[in-house]
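Colleague: Please read through the structure below; I'll follow up with questions.
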Amino acid sequence: MSTPGSPQPSGPAKKVRAKARPADRIFLGLSTGSAASIMVILAGVALFLIIQAVPAIVADWPNNSDLKSGPTGGYPNFWAYVGPLIWGTLFASAIALVIGAPVAIGIALFISHYAPRRLAGILGYLVDLLAAVPSIVFGLWGIIVIRPFLLPLSDWLNTYLGWIPLFGGQVSTTGSTILAGAVVLAVMILPIITSISREIFLQTPRLHEEAALALGATKWEMIKLAVFPYGRSGVISATLLGLGRALGETMAIALIISPAILVSVRMITEGENSQTIAANIALNFPIATTLQREALIGTGLLLFVISLAVNMLARVIAGRAGKGSQKKKKAMLAQLPPSDPSTVLAVDDVLAKKRNEGTVEHAEAAAVDGSPSEIDEEERKGKDA
Amino acid sequence: MSATISPSRQPTGRITNSLTSGQLPRLIEWYVLAGSLALSAIILALMGFNIAGWLVLSAVIYLLALGILSSAVENRRKATDRVIRGLVTVAFLLALAPLVSTLITVFANGIGVINWDFITQTSASVFNTDTLEVTTQVGAWQAIVGTLIITGIAALISIPIGILTAIYLVEYATKQNWMARTVTFLVDVMTGIPSIVAGLFAFSLFTLIVGPKAFSGFSASVALSVLMIPIVVRSCEEMLRLVPMDLREASYALGVSKFSTITKIVLPTAIAGIVTGVMLAIARVIGETAPIFMAASFTDNFNANPFDGPMQTLPVMAYTGYKFPGQDIAASNASAWGAALLLVFLVIILNLIARIVAKVFAPKGSR
């Protein structure tokens, strides 16, 4: 994108400068300030968490009167406390990802390549609606629907596959298991992975697809040959972004799992499940004393670092597709769309017309001069040039 | 002269249509679907019927039958194709199940609680002077007010910062500009901040400024802003980039200043998209529980002052109703469902407004 305002020196050496108006200056200052404030906010988040967390991290846990009792009692130091929590967070998210990601990618494929074109827009909207449901509602839903729903499955798994450590142990009778929590988490990350993957699949060059079909490939072979290679890095990024969401999800886990702070791979037990960082904070924060709160903030700081790392990794993987060092490679891979489902939703709403007409009608889109779809394409391509 | 190429042998017996031979009939998938639904219904009728089991078993039978049929009549490649098509469709239906189930559950459990009193009263213990009994009065008024105030302040903070940042990124910054690249990257990263971390940040900030017990509605608003700003920036950025460059260039060609071009040309063109994006961003954060719970804590008292003391909100009410119920556990749970349903209503209304704005105020001309 070229900057519209910057005067391009053209032809004669005499530079024509626009008259600087006060309103321009102020507006430039305001918008630059806002952009800078983003950096300040993110730095502030890290800084204040560190300031609050340090006293608890460096404290002498066994001899500290504050940390000896309550939720933090019985741990030699901060790392012994946070270790099982990190394990629990990763474990729950991993289960959620194993359940959710294949389904999400399947849905994305269904909407982008299988559903009738007329319906695709509406179906995509329905899945995006999942993202609009507040997490607390999913939590409550998990308590009264998912917990009992999974009980027979848990029994079955324990009876026949109990020799696998995952399904071992005493089966929960209430269903407050990490499996139930992870299922709810999987539902929550579905819309994120789906909306991003869908956008990426839709970016597949029409010519690649038609070439594959012309060579006699079935639809699935076409998808394997043309769609997946083009969108691979994007789908991996989408999955990582879903993982990032699952790591930080609080309420579903806090409401559903009956936890313990220990490292355990058991999925269908009660009171022997690993706790997650976020849920542990939510459960203990109201009853914690000052130093215990600081310990909890310390665990939150680690959660922040982990999810930041996952998100950055997702961006870097997608970015490599975008930057690609050589220009040729760039055109070969899909661009990551705005990550948030609500952003995708907003763009969808405004471009509803374009989406319904689909990519088939190139000629028509070209006929309408400066139609949004064209500009959009140009901008996205130009962005990383 | 005509060199006739006569077929060496005439086909004998039934003439097969070479175009459709080796293919299943066109509607075969529907036949198989009906068959598998019926078959699994019969099987389950013998074992004890339930809807979920019926659908799952039908899906399994359908995929197996179609795969076997297709590989027998057609070939393995087509069989794979058909099975994958079936799997992908099943995946989609699987995603609709939680959506439908969640909405039904919330409505079924919440609708009984919601009435005029629930919306307009605050939770309190009422002493009846006639019967000398203390009854708990359930009400969500304090939570509704709290939600609106906290989300409102968060919107007031986030929308200007978000829109201005988007303007900076689209209108002012060049691609090579380190600041624009950093901000774009940070905004992307910020969308991934766990919501509870935002709550801890606000709590830490206000603990350092105000001192311990720094729970307040404003603190929760700050937490929500951290979550909302990146969403607003991303939406607005996308919308501003959709504005055709021709419009800006036409404006500059007439000697209009940059400020006027942005406010009079670019923003009005993109306003529908920006409003839609902002609405959806509000809908996103209005349901956040964890950050509000950290920063504003919870209370049953009515508190409309965002700068002093804990404040109740709908999502936190739904959470505490289940996790920290009062003496009457059933009533607490019921009010939790009531709060959840009200919250879903709010989110649906915001989404509808966003859709309507996008439809009605979309820029005309580009068809």
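The values are calculated or read from the model by the stated rules, or taken from the named source; none is laboratory data. Everything numeric in this text was worked out from a predicted model, so none of it was measured. Heads up, the Cβs are rebuilt from the backbone with ideal geometry, glycines too, and the neighbour counts pull from every protein chain shown. These accessible areas exclude ligands, DNA and RNA; they are computed on the full protein's heavy atoms, side chains included. Shrake-Rupley method; radii C 1.70, N 1.55, O 1.52, S 1.80 Å.
Colleague: Every residue in region B:204-223 that is open to solvent by 10 Å² or more (accessible area, probe 1.4 Å) and either in a helix (DSSP H, G or I) or not assigned by TED's automatic domain parsing to the domain that holds B:Ile150 (or both), please.
Modeller: B:Leu205, B:Phe206, B:Thr207, B:Leu208, B:Ile209, B:Val210, B:Phe218, B:Val222
Colleague: Can you tell me which of (1) modelled with pLDDT of 85 or more; (2) within 14 Å of chain A (Cβ to nearest Cβ) is the one B:Leu148 doesn't meet?
Modeller: Status for B:Leu148: all satisfied but (2).
Colleague: Condition test on A:Thr159, is it more than 14 Å from chain B (Cβ to nearest Cβ), over 30 Å from B:Ile104 (Cβ atoms), surrounded by 20 or more Cβ atoms within 10 Å (Cβ to Cβ) and among the β-branched types (Val, Ile, Thr)?
Modeller: Details: more than 14 Å from chain B (Cβ to nearest Cβ): yes; over 30 Å from B:Ile104 (Cβ atoms): yes; surrounded by 20 or more Cβ atoms within 10 Å (Cβ to Cβ): no; among the β-branched types (Val, Ile, Thr): yes.
Considered against the rule, which asks whether it is more than 14 Å from chain B (Cβ to nearest Cβ), over 30 Å from B:Ile104 (Cβ atoms), surrounded by 20 or more Cβ atoms within 10 Å (Cβ to Cβ) and among the β-branched types (Val, Ile, Thr), A:Thr159 comes out as no.
Colleague: To continue, here is another question. Looking at this structure, is A:Leu85 part of a helix (DSSP H, G or I), more than 7 Å from chain B (Cβ to nearest Cβ) and either at pLDDT 90 or above or touching a helix residue (DSSP H, G or I) at 6+ places or on another chain (Cβ under 7 Å) (or both)? Write out each step before concluding.
Modeller: Numbers: part of a helix (DSSP H, G or I): yes; more than 7 Å from chain B (Cβ to nearest Cβ): yes; either at pLDDT 90 or above or touching a helix residue (DSSP H, G or I) at 6+ places or on another chain (Cβ under 7 Å) (or both): yes.
For A:Leu85, the condition - part of a helix (DSSP H, G or I), more than 7 Å from chain B (Cβ to nearest Cβ) and either at pLDDT 90 or above or touching a helix residue (DSSP H, G or I) at 6+ places or on another chain (Cβ under 7 Å) (or both) - is met.
Colleague: For region B:300-315, does any single residue satisfy the condition of being at positive phi, more than 9 Å from chain A (Cβ to nearest Cβ) and open to solvent by 10 Å² or more (accessible area, probe 1.4 Å)? Before the answer, list the steps.
Modeller: Our first condition is that a residue be at positive phi; within region B:300-315, this holds for B:309.
Filter once more, so that each one left must be more than 9 Å from chain A (Cβ to nearest Cβ): B:309.
Now restrict to residues that are open to solvent by 10 Å² or more (accessible area, probe 1.4 Å): B:309.
Looking for residues that are at positive phi, more than 9 Å from chain A (Cβ to nearest Cβ) and open to solvent by 10 Å² or more (accessible area, probe 1.4 Å), one finds at least one in region B:300-315, hence yes.
Colleague: Before we move on, is A:Leu283 within 30 Å of B:Ile292 (Cβ to Cβ) and either of a type in the set (Gly, Ala, Ser) or modelled with pLDDT of 80 or more (or both)? It would help to see each step written out before you state the result.
Modeller: Numbers: within 30 Å of B:Ile292 (Cβ to Cβ): yes; either of a type in the set (Gly, Ala, Ser) or modelled with pLDDT of 80 or more (or both): yes.
Yes, satisfied.
Colleague: Read through the list (1) at the interface with chain A (Cβ under 7 Å from one of its Cβ atoms); (2) charged (D, E, K, R); (3) closer than 14 Å to B:Pro160 by Cα, then give the number of the only condition that B:Glu237 fails.
Modeller: Going through (1) at the interface with chain A (Cβ under 7 Å from one of its Cβ atoms); (2) charged (D, E, K, R); (3) closer than 14 Å to B:Pro160 by Cα one by one, B:Glu237 breaks only (1).
Colleague: With respect to B:Ser221, is the statement that it is polar (S, T, N, Q) and farther than 24 Å from A:Ser34 by Cα true?
Modeller: Numbers: polar (S, T, N, Q): yes; farther than 24 Å from A:Ser34 by Cα: no.
When the stated conditions are applied, B:Ser221 does not pass them.
Colleague: Okay, next question. Among the residues of region B:287-300, is there at least one that is more than 26 Å from B:Val222 (Cα to Cα) and in the same structural domain as B:Tyr168 (by TED's automatic domain parsing)?
Modeller: For region B:287-300, residues more than 26 Å from B:Val222 (Cα to Cα) and in the same structural domain as B:Tyr168 (by TED's automatic domain parsing): absent.
Colleague: Within region B:275-292, track down each residue that is more than 8 Å from chain A (Cβ to nearest Cβ) and open to solvent by less than 10 Å² (accessible area, probe 1.4 Å).
Modeller: Across region B:275-292, the qualifying residues are B:Val285, B:Pro291, B:Ile292.
Yes/no matrix, rows are residues, columns are (1) modelled with pLDDT of 85 or more; (2) facing another protein chain (nearest Cβ under 9 Å):
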site	(1), (2)
A:Leu30	yes, yes
A:Ser37	yes, yes
A:Ala43	yes, no
A:Val58	no, no
A:Ser65	no, no
A:Gly70	no, no
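Colleague: Can you tell me which residue is surrounded by the fewest Cβ atoms within 10 Å (Cβ to Cβ) among those in region B:174-203 that are aromatic (Phe, Trp, Tyr) and closer than 21 Å to A:Ala288 by Cβ?
Modeller: Pass one, region B:174-203, residues aromatic (Phe, Trp, Tyr): B:178, B:185, B:201, B:203.
Going one step further and asking which of them are closer than 21 Å to A:Ala288 by Cβ, we end up with B:201, B:203.
Numbers: B:Phe201: 31, B:Phe203: 29.
For region B:174-203, the residue satisfying everything is B:Phe203.
Colleague: While we're looking at this one, here's another question. Tell me whether region A:120-142 contains one or more residues that are within 10 Å of chain B (Cβ to nearest Cβ), of a type in the set (S, T, N, Q) and touching a residue at least 40 places away in the same chain (Cβ under 8 Å).
Modeller: Yes, because at least one residue in region A:120-142 is within 10 Å of chain B (Cβ to nearest Cβ), of a type in the set (S, T, N, Q) and touching a residue at least 40 places away in the same chain (Cβ under 8 Å).
Colleague: Which of the residues that make up region B:316-330 are of a type in the set (Gly, Ala, Ser) and surrounded by fewer than 24 Cβ atoms within 10 Å (Cβ to Cβ)? Can you show your working first?
Modeller: Kept after step one, since they are of a type in the set (Gly, Ala, Ser), are these residues of region B:316-330: B:318, B:321, B:326, B:330.
Residues satisfying the conditions are B:Gly326, B:Ala330.
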